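Shown next, in structure tokens, is the structure this report addresses.
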Amino acid sequence: MTTPVVMCGGVHLPLADRIGRGGEGEVYAVADGSGRAVKIYLKPDAARETKVRAIIAGDLANACSNVTFPLEIVRHPDGRFAGFTMRQVAGHQPIHELITTASRREHFPKADYRFLVHVALNVARIVASAHAAGVVIGDINGSGFLVSQRGTVTLIDADSFQVGAHRCPVGMAEFTPPELQGVAFGTIDRTPDHDAFGLAIILFQILALGRHPFAGVARGKAIQIDQAIVKGLFAYSLLRTVRATPPPAALRLDDLPRAIRLLLERAFAGRGYARPTAAEWVEALGALAKSLTPCPNRSDHHVVAERGPCPWCRIERETGRPIFVCGMNTSDGRRVARPFSLCSDAAEAIQHAKRHAGEAVMPMWSRPPASPGMSARKALATIDGRIGQLPPSLRALQLGAGVVDKFMSRNDAAQRVASRILDEWRSRLGVWDIAKLIGQLRGDAEQLDRLHVNRSAVVARATAHFVQETAIGIMAHATLDVARIPGIGAALRAHLVTNGITNAAAVSRPALAAVGGIGEARIVLLLFWREAVAVRAEQSARSSGQANALASAEAAVAHREQQLEHRIKIMLADLEAKVARVRKAVWLVDRNVEAALAVQDQAAADVAYLGLADHVPRDIFATNSLKQPPVKAKSKGGKKRPAKTCPRCGSAMVKRWGQSTQGVATLFLGCRAYPKCKGTRPVRAKGGTP
């Protein structure tokens, strides 16, 4: 490829490699270290030269530093107009590489939602500065804005802007307002209001991760985006009824703050509604950037505190794919939290208690090994002497079914009795109370840990709740009888007041529909009025009482932390004392337990001596052949009802405490034979059945 030869100010301009090419011309870097680039037109003409001269004469490059306005005229060696110099943009990517998830992973791997909002704010600032300089951009689209890794934004192709009488001859249908669809752009004068539509489109795409506001799921026959724009089918609208809905797994409009929602509704509502200016977007996006708080479940999810559950978690569940890749999951035990000694102490105390005083704790006194009993020896002696020389695993073949069943039944019964007596012994030691205490301690410790990790999010949500409640009170003072709403006359306002809709807080689509006879157009007008009042009310609430609300929320969180810390300290001391008593008691001989274990050990020794343990494998907790007689329990009415038995082995059930998935201690019925049998039943709820 041959590098063109051009002159600037009568001096040869050295060019480096080509860095861009479009339908109008090619862009080369200037190889003099000035940080400039040159755009050379493929078909230069007098009209282009006149427009470039007007831009340079207006000193627009200094007025809008983030726009690549022409700096100097560039000519061919023969004096013909060739193009212009401009500031070179390096290390940037087109904005469409940022807003879609797949390309964002490749080009902006560290970008999270805060980064996207920051970029959207910078886009709005650039458009606002261009409008302030008297320029209409005209062709707003996703290729004209370039983004750096720091989130700075540069607007290119400035020579196509409308400057004075020099019109913008190009545009893309997906970013063109409905009144200009199908119009020859070179024949009309664009206005900042036309730019406002394209700006709202690209800001929506940034906030909604590449979704187009008019690319919804249409009811009936699918239509193209340009036709959807003409028909006003803003699929995400919450105020208007349109024949389209948002696509699945998409950001919803109610996931955004009210001020942003209202600007989007105004931008896409059609004629009769003033589209938001770039300056309005700067204010609203600045507030959005300040309101973002971390999601409790993922460090790379940032959400609006006032909007409730995290929309990114919802979308990831629906799609099964991560949206952002710069963070980590913090919803499980791998949470990265700052060290907190009390929670660590609680975790260590729980592990110590489960190890030394858990539900499977056993006596620690010495148990002499049992040898085969006389009955087992006699049973083996009755068989031919040569059989006695066989290995134990083959002895059962000659014993007979009756002898095998006798010793196996005795072994089963001994294990059941020993398990029951051990459970009674553990109950006397207070093991079940310790299990309940562990569940309560774990729940409080996890709640305290969450407060420490998500303190800023908790405070932000509490503050947002205060703002919303205060705003509702302010809206109640915006009465309909004195309101000035375009298109809503005094008679209709009086009719609404008569039907109980007296102020902005009472206005809603269901309430208006219940009145009847209003019509969709006037319902939309009233809803727009309500949203505008609500935005002003929230701003007033933030300016007047947010500082006090923030301090109150901080104090409430601190008070809750103190309550939890106090409870945890009391439970730690109680748990330590209970575990100490158990650790001491397990060394003290209990005659009933000792006798039951001796019978169990003797039965096990007999089974092993006769070779029955391996030859006749039996799960005594999976059969009902040796059910314990059910214990009679009295109901509230005084009548006796059978106690619940284990669904697996038929043994009696005892009340025990466990931990639910939310870390809360829950009561349930567990088998007495635990841990050998893990059968459970739910506890009967009042007025229901388990």
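What to note about this one:
- The residue pairs whose first member lies in the range 424-441 and is farther than 18 Å from Ser651 by Cβ and open to solvent by 60 Å² or more (accessible area, probe 1.4 Å), whose second member is part of a helix (DSSP H, G or I) and aliphatic (A, V, I, L, M), and whose beta carbons are closer than 7 Å, counting only pairs six or more residues apart or on different chains, are Gln440/Met571.
- Residues satisfying the stated conditions in the range 1-45, i.e. hydrophobic (A, V, I, L, M, F, W, C), open to solvent by 70 Å² or more (accessible area, probe 1.4 Å) and closer than 18 Å to Phe81 by Cα: Val5, Val11, Leu42
- Residue check, Gly83 more than 31 Å from the chain's Cα centre (by Cα), among the small types (Gly, Ala, Ser) and over 18 Å from Asp159 (Cβ atoms): no
- Of all residues in the range 93-145, exactly one satisfies the criterion of being acidic (Asp, Glu) and closer than 14 Å to Ala289 by Cα, namely Asp112.
- Residue match in the range 44-55 (condition: among the charged types (D, E, K, R) and in a loop (DSSP other than H, G, I, E, B)): yes
- Cβ pairs under 8 Å, 6+ apart, first in the range 32-46 and farther than 16 Å from Leu71 by Cβ, second among the aliphatic types (A, V, I, L, M): Pro44/Ala82
Residue by residue, here is whether (1) at pLDDT below 80; (2) open to solvent by 70 Å² or more (accessible area, probe 1.4 Å); (3) of a type in the set (A, V, I, L, M, F, W, C) holds:
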position: Ala555; (1), (2), (3): no, no, yes
position: Arg560; (1), (2), (3): no, yes, no
position: Gln563; (1), (2), (3): no, yes, no
position: Ile570; (1), (2), (3): no, yes, yes
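- Selection status of Arg530, part of a helix (DSSP H, G or I), open to solvent by 60 Å² or more (accessible area, probe 1.4 Å) and in contact (Cβ under 8 Å) with a residue 40 or more places away in the chain: no
- The range 292-309, residues that are assigned to a loop (DSSP other than H, G, I, E, B) and either more than 14 Å from Arg114 (Cα to Cα) or modelled with pLDDT under 85 (or both): Cys295, Pro296, Asn297, Ser299, Asp300, Gly308, Pro309
- Condition met for Ala462 (in contact (Cβ under 8 Å) with a residue 12 or more places away in the chain, closer than 30 Å to Pro294 by Cβ and in contact with a helix residue (DSSP H, G or I) (Cβ under 6 Å, 6 or more places away or on another chain)): yes
- Taken together, the criteria place Ala547 among residues that are aliphatic (A, V, I, L, M) and open to solvent by 60 Å² or more (accessible area, probe 1.4 Å).
- Matching residues, the range 220-267, being assigned to a helix (DSSP H, G or I), within 20 Å of the chain's Cα centre (by Cα) and surrounded by fewer than 19 Cβ atoms within 10 Å (Cβ to Cβ): Asp254
- Which listed residue, of Pro276, Pro322, Pro339, is over 12 Å from the mean Cα position of the chain (by Cα), in a loop (DSSP other than H, G, I, E, B) and at pLDDT 80 or above: Pro276
- Long-range neighbours under 6 Å by Cβ, at least six apart or interchain, first residue over 19 Å from Pro44 (Cα atoms) within the range 7-22, second of a type outside the set (Phe, Trp, Tyr) and open to solvent by less than 50 Å² (accessible area, probe 1.4 Å): Ala16/Ala29; Ile19/Val27; Ile19/Ala29
- The criterion of at least 3 residues that are surrounded by 11 or more Cβ atoms within 10 Å (Cβ to Cβ) and at pLDDT below 80 is met by the following strands (runs of 3 or more DSSP E) wholly inside the range 572-690: 653-659, 665-671.
- The set of residues in the range 182-203 being open to solvent by 10 Å² or more (accessible area, probe 1.4 Å) and either of a type in the set (A, V, I, L, M, F, W, C) or touching a helix residue (DSSP H, G or I) at 6+ places or on another chain (Cβ under 7 Å) (or both) consists of Val183, Ala184, Phe185, Ile188, Pro192, His194.
- Residues in the range 31-43 that are of a type outside the set (D, E, K, R) and assigned to a strand (DSSP E or B): Ala37, Val38, Ile40, Tyr41.
- Per this entry, Leu207 is counted among residues that are within 28 Å of Glu316 (Cα to Cα), out of contact with any strand residue (DSSP E or B) (no Cβ under 6 Å at 6 or more places or on another chain) and open to solvent by less than 10 Å² (accessible area, probe 1.4 Å).
- Index of the failed condition, Pro213 passing every other in (1) in contact (Cβ under 8 Å) with a residue 12 or more places away in the chain; (2) in a helix (DSSP H, G or I): (2)
- Considering only residues in the range 448-485 that are surrounded by fewer than 17 Cβ atoms within 10 Å (Cβ to Cβ), of a type in the set (S, T, N, Q) and part of a helix (DSSP H, G or I), the one that is modelled with the highest pLDDT turns out to be Gln468.
The values are calculated or read from the model by the stated rules, or taken from the named source; none is laboratory data. As the structure is a prediction and not an experimental result, all values here were calculated from the model. Because the Cβ atoms are built from the backbone with ideal geometry, glycine has one as well, and the counts that use them run over all protein chains shown. Side chains are part of the model used for accessible areas, which takes the heavy atoms of the whole protein and leaves out ligands, DNA and RNA. Shrake-Rupley method; radii C 1.70, N 1.55, O 1.52, S 1.80 Å.
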